[in-house]
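Notes follow the structure.
Where a number appears in this text, it was derived from the coordinates with a stated rule and is not lab data. Note that this is a predicted model, so its numbers are computed, not measured. For neighbour counting, all protein chains shown are included, and Cβ atoms are generated from backbone atoms with ideal geometry for every residue, glycine included.
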Amino acid sequence: MLLSTRDLTKTFPGTKALDAVNFDLKAGEVHALLGENGAGKSTLVKCLTGAYRRDSGDILFDGRPVFPQSTLEAQAIGIGTVYQEVNLLPNLTVAENLTLGHQPRRFGMIRPRAMQALAEEMLQGYGIDIDVRRQLDSCSVAVQQIVAIARAVHLSGRVLILDEPTASLDAREVAMLFDVVRGLRDRGLGIIFISHFLDQVFEISDRLTVLRNGRHIATHPVADLDRMQLITAMLSHELQHTTSHRLQRSADTSGDAIRFTGVGRRGRIAPFDLTVRPGEVIGMAGLLRSGRTESAEVLFGAVSSDSGTVTDARGAVDLHNPRSAIAAGFGFAPEDRKTDGIVAELTVRENIILALQARQGWARPIRYAEQLRIADDYIARLDIRTPDAEKPVGLLSGGNQQKVILARWLATHPRFLILDEPTRGIDIGAHAEILRLIEEVVARGMSILVISSELDELVAVSHRVIVVRDRTHVAELTGADVDSDRILRAIADPHASAEVAA
Amino acid sequence: MTAARKLLRRIAPQLITLVAVILLVSLYYPDFYKVVLVNDRLVGIPIDVLKRCAPVALLAIGMTLVIATRGIDLSVGTVMAICGAAAAWSIDQGYGLWGALAIAGAAGLVCGVWNGILVAVLGIQPIVATLILMVAGRGIAQLITNGTILTFDSDAFSYLGSGTLIGVPVPTVIWILTGIAVGLLVRRTALGLLIEAIGVNLRASTLAGINSKVLLIAVYVASGLCAAMAGIIATADIRGADANNAGLWLELDAILAVVIGGNSPLGGRFSIVASLLGALIIQTINTGILLAGFPSEFNLVIKAVLVIVILVLQSPRLMLLQDPVHLPFLRKRAAPTPPAEVRK
């Protein structure tokens, strides 16, 4: 084995990002690394490249244990990385970028001609014909990627990690990049390929490894696997026999439904219809970047819809920004808690009353005693683990932060709450509590939309499930049809071939 | 912890620094504390400090709010010049005291709205957005005064700069009342919390329903209005508008006051009282250097050294002035968070 990990473990506050992961990379293979957000792909890569220090476990390079402390050290060992956002200097020339840090010098002065010759030599065999004196940002993104690859290969030479390299390339550029990757594989490099474009994974990879919730799920030769099996491995599907769809309690169809008709946003999510009834849990399933979060953003007005109408029993509902959505009784717990959810420096109390206070307006402050009462009430009800309500929320664990966000919205007594991956990256205990909470508030007439990669979770809590693929709502499963296999089949529809970003 | 105790804990480093600076100055100038009543006016060095710090104190009030939103307002010195020139021009044109105040205030308002729109609506980085007015605004002020020092004769107006109210200089009354008014406004309403929220995490705050655009514009307007008051005082004090020198470099003193006040330039939590103490500290240093009789060419160097010392002592790495262990009279009930808990 060229590069292996043995029982690699990495813990962050409140979550195990990598749990005893074993991973093997052979020389001369392209090995795809797959998993949803938070599965542990990037943590694994960062441990391999020295950006993170592992808690325990071994990294073996050529069978010898290595301890990279920085990306530079990882490079010296032989592990190079190219990220989605090209980490080169756009204002320098191609040659300067390629040779930066090891330019040919004489008496400390850079020798431009020797540098250009070296750069041209480095680019040989990559099948691109460019003037190395050109400024990097005048080249296409694909050429920049290849320059980054050439630099990484030159500096490390044994293992190349490609992190979402094709995210901003068109189909022709992807083909060009893949030619380069195949050439490197044939030269004997081990290549780790991270992508969420499954078609590309099937096209370029020899083997693939699936991670989920920080655990190694499976490693297979690509030829042995079909799309359906792959998606099954990526999305949680373990509890199939123990959880079943609860048909006994159907949603109230008489009440005040919110009707979204033809809402959407060009380039993000195709226009869709959705009727939200009181006391109903709607599940939304789909792969990362399929349009599920984009749907939620349109529903909440975080990205305003450029088509369609929204109505309820009282008439049209204005959703042009989050403020108007909140005024209409909506709430939204976003996927990325850290950047979109918590206000880290403020206390638990302040985070919990924030949406309520924002809706009341600045001139009508909630009295301190009242704030404390609300905060303490939700700390007790949601079992938020904090010494008191005055602790900055950034110091809590992920699961507790998520509960604070939920408390923020519950305090506004919304009629429609959107939860984007409410249980991602939190421990099992908090996970179960959040699912129980969903059942509790729905019983009191609130409507909930849950987006999740955990299909069993969706099946367990949802009255119906909408499947999103390629930025379109492609299926809606109701009643007895709500089960993991049907959802998987809808997500994996083999006719979906347009995944290469156009 | 009661609210008063919390406040005391928050401003303790600034209070200690102020006392230390005063002690240092009084070593060189023992008469520092002497205040006498002459012709119904309080006269003495402390009164002089309280009067002269008025422009920086007023600017620091607005600057505190701007910095709390993770912004900065470099234009306040220039806005002082514009508003002072506008006031002098209005007096000159015979609009009288109230007309002059209204026109100067309107000029400050317009400047604040301009900065706010550049930052909140167009999304320009605050340092760049306010730099535009900082540079261009002096030109506007010079156009108003036709490039000369525009003098005027109005006892009612100059009362704002050199008059006294029950013995206390009017500028002192203005900055203290403004500080109290703005402090009450942000803490008795939810404004303070909402400003802190957008300063810490703009995106999350917007998703929680805070009208962050309007709030951002509002803090720049507040800064513009504070600068207008400072400009009025400066102009009234010298009975003339000097477009070239009014408020020159004062934006930097205002920022310094906010930073000495322990407010993070990265936004979030803020304390107006602490910023005002910062302004007092700066003015005490300025006055003290003059009193101590150093040759004037030493002034800026001594000021720089003192400011460096203060900031180093307050820095998070040292924590000398923040750590309750060093403040025995505050140690009771102050529970420092053990680092182990943070990692959990």
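With helices as the sole contributors, chain B gives -22000 deg cm²/dmol at 222 nm; each DSSP H run of n ≥ 4 counts as -39500 (n - 2.57), and the sum is divided by every residue. Note that segment A:477-490 has calculated 3J(HN,Hα) couplings of 9, 10, x, 5, 6, 6, 8, 4, 5, 5, 4, 4, 5, 5 Hz, one per residue in order, obtained from phi through the Karplus relation 6.51 cos²θ - 1.76 cosθ + 1.60 (θ = phi - 60°); glycine and proline are x. Indicate the gyration tensor shape class of segment B:1-98 (rounded, prolate or oblate), computed on the Cα atoms with a ≥ b ≥ c the square roots of the eigenvalues: a/c under 1.5 is rounded; otherwise a/b larger than b/c is prolate and the rest oblate. Judged from the Cα gyration tensor, segment B:1-98 comes out oblate (a/c at least 1.5, b/c at or above a/b). A crude spin-label estimate for the pair A:LYS338 and A:ASP376, with each label 7 Å from Cα along the Cβ direction, gives 3.4 nm.
B:ALA85 sits among other residues whose Cβ lies under 14 Å from its own Cβ, and their net charge, with Lys and Arg +1 and Asp and Glu -1, is 0. DSSP assigns beta bridges within the protein assembly as shown; of those with both partners inside it, close to 60 percent run antiparallel. Database remark: amide H of A:ASP273 closer than 5 angstrom to the amide H of A:GLY262 (H placed geometrically; neighbours at sequence offset of 5 or more, or on other chains; Pro and chain starts carry no H).
Could you calculate the contour length gain from A:ASP470 to A:ARG385, that is, 0.36 nm times the residue separation minus the distance between their Cα atoms, to one decimal place in nm?
Details: separation 85, 0.36 × 85 = 30.60 nm, distance 3.91 nm.
The span from A:ASP470 to A:ARG385 would gain 26.7 nm if fully extended.
Per-residue Karplus couplings for segment A:113-122, computed as 6.51 cos²θ - 1.76 cosθ + 1.60 with θ equal to phi - 60°, are listed in order as 5, 4, 5, 5, 4, 4, 4, 5, 5, 5 Hz, Gly and Pro entered as x. Evaluating 6.51 cos²θ - 1.76 cosθ + 1.60 at θ = phi - 60° for every residue in segment A:453-464, the Karplus couplings come out as 8, 8, 5, 5, 4, 4, 4, 5, 9, 8, 7, 8 Hz, glycine and proline recorded as x.
Backbone amide hydrogens, once placed in the peptide plane, bring A:ARG212 within less than 5 Å of A:ILE217, excluding anything fewer than 5 places away on its chain. Positive-end ranking of A:ALA152, A:LEU225, A:PRO165 along the dipole of segment A:152-226, with charges on Cβ about the Cα centre, is headed by A:ALA152. Listed by chain and number, the lysines whose alpha-carbon sits under 18 Å from that of A:LYS338, ignoring those within fewer than 8 places in the same chain, are A:LYS16, A:LYS391, A:LYS403, B:LYS344. Can you list residues from other chains, or at least 5 along the same chain, whose modelled amide H is less than 5 Å from the amide H of A:ILE448? For A:ILE448, the qualifying residues are A:GLU280, A:VAL281, A:ILE282, A:LEU417. In degrees, nearest 10, range 0 to 90: what is the angle between the Cα axis of helix A:171-186 and the longest Cα principal axis of chain A? Around 50 degrees separate the two axes. When the charge dipole of chain A is built from unit charges on Cβ atoms (+1 for Lys and Arg, -1 for Asp and Glu) and taken about the Cα centre, the candidate among A:PRO13, A:PRO271, A:ALA316 whose Cα reaches farthest toward its positive end is A:PRO13. Extending 7 Å from the Cα toward the beta-carbon at both B:TYR29 and A:ASP306 defines two label points whose distance is 6.5 nm. Helices in chain B that qualify as membrane-span-like (whole DSSP H runs, Cα extent of at least 20 Å along the helix axis, mean Kyte-Doolittle hydropathy of 0.0 or higher) are B:3-28, B:54-68, B:76-92, B:96-116, B:126-145, B:170-188, B:212-238, B:272-291, B:299-314. Working note: 222 nm ellipticity from helices only, DSSP H runs with n ≥ 4, each -39,500 (n - 2.57), summed and divided by the residues of chain A, gives -9500 deg cm²/dmol to the nearest 500.
First check a/c for segment B:54-272, with a ≥ b ≥ c the square roots of the eigenvalues of its C-alpha gyration tensor; if it is under 1.5, answer rounded, and if not, answer prolate when a/b is larger than b/c or oblate otherwise. List each step's numbers first, then the result.
On the way: a/c = 2.15, a/b = 1.59, b/c = 1.35.
Cα axes put segment B:54-272 in the prolate bin.
Arranged from fewest to most other beta-carbon atoms within 10 Å of their beta carbon, B:CYS226, B:CYS53, B:CYS111 become B:CYS53, B:CYS111, B:CYS226.
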